[in-house]
Amino acid sequence: MERIPSGGYSELISAAIDLLPLRIREHLTYVHWFCGSDPIFAGLIKTDKHNMQAAGYKFGPEVYLTGGSCSYAHNQTHLCEKRTTIVLPRLLPIDYPIHELGHVFDEVLDWSHNADPVTNYAETNDAEAFAEAFTSWLIPGYAKRPDDRTFALFTELAGR
């Protein structure tokens, strides 16, 4: 599902992808984008409050209308072709698509690496810790530097 309306989304996505080192970017080309609309209505998000709370999230489905999210194929409903999709329901700062690309990169690595939290939000769970560490690695000053093991992983996979 590629739904990218006009109004700045293409520029935002391009800017985020341009921040990615080439070797990491090559692993993320399969991701789809869904922008400017309600991902729950589109079947991209299962809003199972019990599972969200079990995963450590302390918010409800309304967050999907205001912030970015990563919809993995196994979480999608009512779609013929299920593919990992980054959701941006509205235009957001560049750290949002970078963070969501971090979730996709975590999926590419089969969720095999646990990063130390670099922000308060990263303390939510391992997936958020990874995505926040990825964001802080790519955007100087976003948060504290990722732990040495995570920094080395990202740097090695980027071929730096």
* Checking F134 against (1) crowded, with 21+ Cβ neighbours inside 10 Å; (2) out of contact with any His (no Cβ under 9 Å at 6 or more places or on another chain); (3) among the aromatic types (F, W, Y), the condition it does not meet -> (2)
* Asked: Do you know which of the residues in segment 44-97 that are charged (D, E, K, R) and in a loop (DSSP other than H, G, I, E, B) is modelled with the lowest pLDDT?
  -> K58
* Asked: Is there a residue being hydroxyl-bearing (S, T, Y) and without any contact (Cβ under 8 Å) to a residue 12 or more places away in the chain anywhere in segment 98-118?
  -> yes
* Asked: within 13 Å of the chain's Cα centre (by Cα), under 21 Å from A73 (Cα atoms) and aromatic (F, W, Y), is that true of F134?
  -> no
* Residue that is surrounded by the fewest Cβ atoms within 10 Å (Cβ to Cβ), among those in segment 92-107 that are within 15 Å of A16 (Cβ to Cβ) and among the acidic types (D, E) -> D95
* Do you know which residues across segment 108-125 are assigned to a helix (DSSP H, G or I) and surrounded by fewer than 18 Cβ atoms within 10 Å (Cβ to Cβ)? -> V108, Y121, E123
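The values are calculated or read from the model by the stated rules, or taken from the named source; none is laboratory data. Note that the coordinates shown come from a computational prediction; the quantities given were computed from them, not determined experimentally. Note that each Cβ is placed from the backbone with ideal geometry, even for glycine, and that neighbours are counted across all protein chains shown.
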